[in-house]
1. What does DSSP give for the stretch 3-455 in terms of the percent of beta bridges that are antiparallel, rounded to the nearest 5?
2. Compute from the Cα atoms of the stretch 312-356 the Rg and the Dmax, the latter being the longest Cα-Cα distance, and quote both in angstrom.
3. Round to a whole number: what % of the accessible area of the stretch 1-157 belongs to carbon and sulfur, probe 1.4 Å?
4. Of all beta bridges DSSP finds with both residues in the stretch 352-461, what is the antiparallel percent, to the nearest 5?
5. For a test of the definition: using alpha carbon positions, the gyration tensor, and the 1.5 limit on a/c, classify the chain as rounded, prolate or oblate.
6. Ignoring ligands, DNA and RNA, please state the percent of accessible area on the stretch 320-461 from carbon and sulfur, probe 1.4 Å.
7. Can you give the calculated 222 nm mean residue ellipticity of the chain, where each DSSP H run of n ≥ 4 adds -39,500 (n - 2.57) and the sum is split over every residue, rounded to the nearest 500 deg cm²/dmol?
8. Using a probe radius of 1.4 Å on heavy atoms only, what accessible surface per residue do you get for the chain? Whole Å² is fine.
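The values are calculated or read from the model by the stated rules, or taken from the named source; none is laboratory data. Just so we're clear, the structure is a prediction, and the values are computed from it rather than from any experiment. Please note: Cβ atoms are built from the backbone with ideal geometry, for glycine as well, and neighbour counts cover all protein chains shown. Please note that ligands, DNA and RNA were not included when accessible areas were found on the heavy atoms of the full protein model with its side chains. Shrake-Rupley method; radii C 1.70, N 1.55, O 1.52, S 1.80 Å.
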Amino acid sequence: MSALAVSRVAPAPGPQRFRPDFWWGAATSAYQIEGGVAEDGRAPSIWDTFSTGPGRVDGGDTGRRAADHRRRYREDVALMADLGLTAYRFSVSWPRVLGTGLDFYDRLVDELLGAGIAPVATLYHWDLPQTIEDAGGWPARDTSHRFAQYAATVAERLGDRVRLWHTLNEPWCAAFLGYGSGAHAPGRRDHAAALAAAHHLLLAHGLAADALRAAAPGAPVSLALNLGVVRPLTPAPADVDAARRIDGLLNRLFLDPLFRGGYPADVLADTARVSDWSFVRDGDLAAIATPVDALGVNYYQPDLVAGNRPEPDPTTPYPAASDITFHRTPGPVTGMGWSIDPAGLREILLRIRDEYRDLPVHVAENGAAYPDRVDPDGRVRDQERIGYLRTHLAAAHEAYTAGVDLRGYFVWSLLDNFEWAYGYGKRFGLVHVDYATQVRTPKDSALWYRGVIRAGGLPTG
Ligand code: FCB
């Protein structure tokens, strides 16, 4: 029986309190914070290639120090402890592990445990070793098997101390942004390849779940999906159908094979002109449906969609969907231009329980970028971020009181970091990072979050 299979705990008293053992976390990923790209015998990843190549997105960070976390991890764990975090979600860099990088994660995990913080490890947060991309990348089936071997290697070393494993982070992004629109590494634009990548990522998850459990018996296994609510712009049939199709490709393409044992028939039909799905082999669906112990939900924004786009959209990440337009919902947006819709988080948490499985869930990422600056008095006054986090936590609490087995909430992100295609321009951290000096400054939101953690939930006001 896995460590997560403990009984449900009733909400603690008080209007917006969570269970006493709730994981109050923050999340990061290796490529976004570590730097140290040449240390530990680390091999290049697809993001090294993508962010330093033509159209570079590294913002001139030629040493690729990012937040220099590879060297400053002790200071960063001390920051986490100071905020009162009870869990920390980080990712293990596959290309670093191909060298001697496991030593680093070994030290990080011990440092976390020493500070009373539960280590939550993600095995794949998009930094595929370049050599594996050169051999075909995620559209190639062999990558799933290589991933399972890597998972076993990491679990053999860290499995006695990691408290929860996420095999994958957001396979939708890895497949559709990496191989469909090309907005992310490796920058390929081939929708058929993107569908194969999605399948091989899911297969990799299933194979890795078995490998993790074999290497570390009882290891709790999860994965983090970027899920969202998809709403039609108008009640017109074309818009309603667009919402069905995008919901299929964003949510059900991943949830159905994980929890129902097969791909949704409408998604197969919608994408038939792009791919015949012959990459799905006997036994794959059973491997993907290997039961998980928990599910991570990464939630940022809703999708508001319309059909009948006048000109096809050649940049869409979604296969067979170039006729669909994406709109902003009315109201404020974050620094990413993303619509703010906390109710969507409640809806998606309830949907998982009601339509898929009543299992332990974590909000594995939630947060917002704003153009923060350090004021002359040393403070970062990020009131908008506090508003974003407060309303989303309140929505998560509504799902919790409605009976969703919510076990934790992880703010994206602990630190300002490398925001993929946007480089360093977008700041998501609770803690501000001056990239020139690497000075860390907890923002007002960090101090607010510390208060929430101390109270065990949102203050009643
Ligand atoms: C998610 C990613 C994470 C970060 C946030 C803003 O899609 O998992 O690395 O970029 O978005």
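1. Just about 20 percent of them are antiparallel.
2. Over the stretch 312-356's Cα set, Rg and Dmax evaluate to 14.2, 36 Å.
3. Taking all protein chains in place, the stretch 1-157 shows 53 percent carbon and sulfur surface.
4. 45
5. Because its axes are fairly even, with a/c under 1.5, the chain counts as rounded.
6. Accessible surface attributable to carbon and sulfur in the stretch 320-461 totals 52 percent.
7. Here the helix-only value at 222 nm equals -10500 deg cm²/dmol.
8. 35
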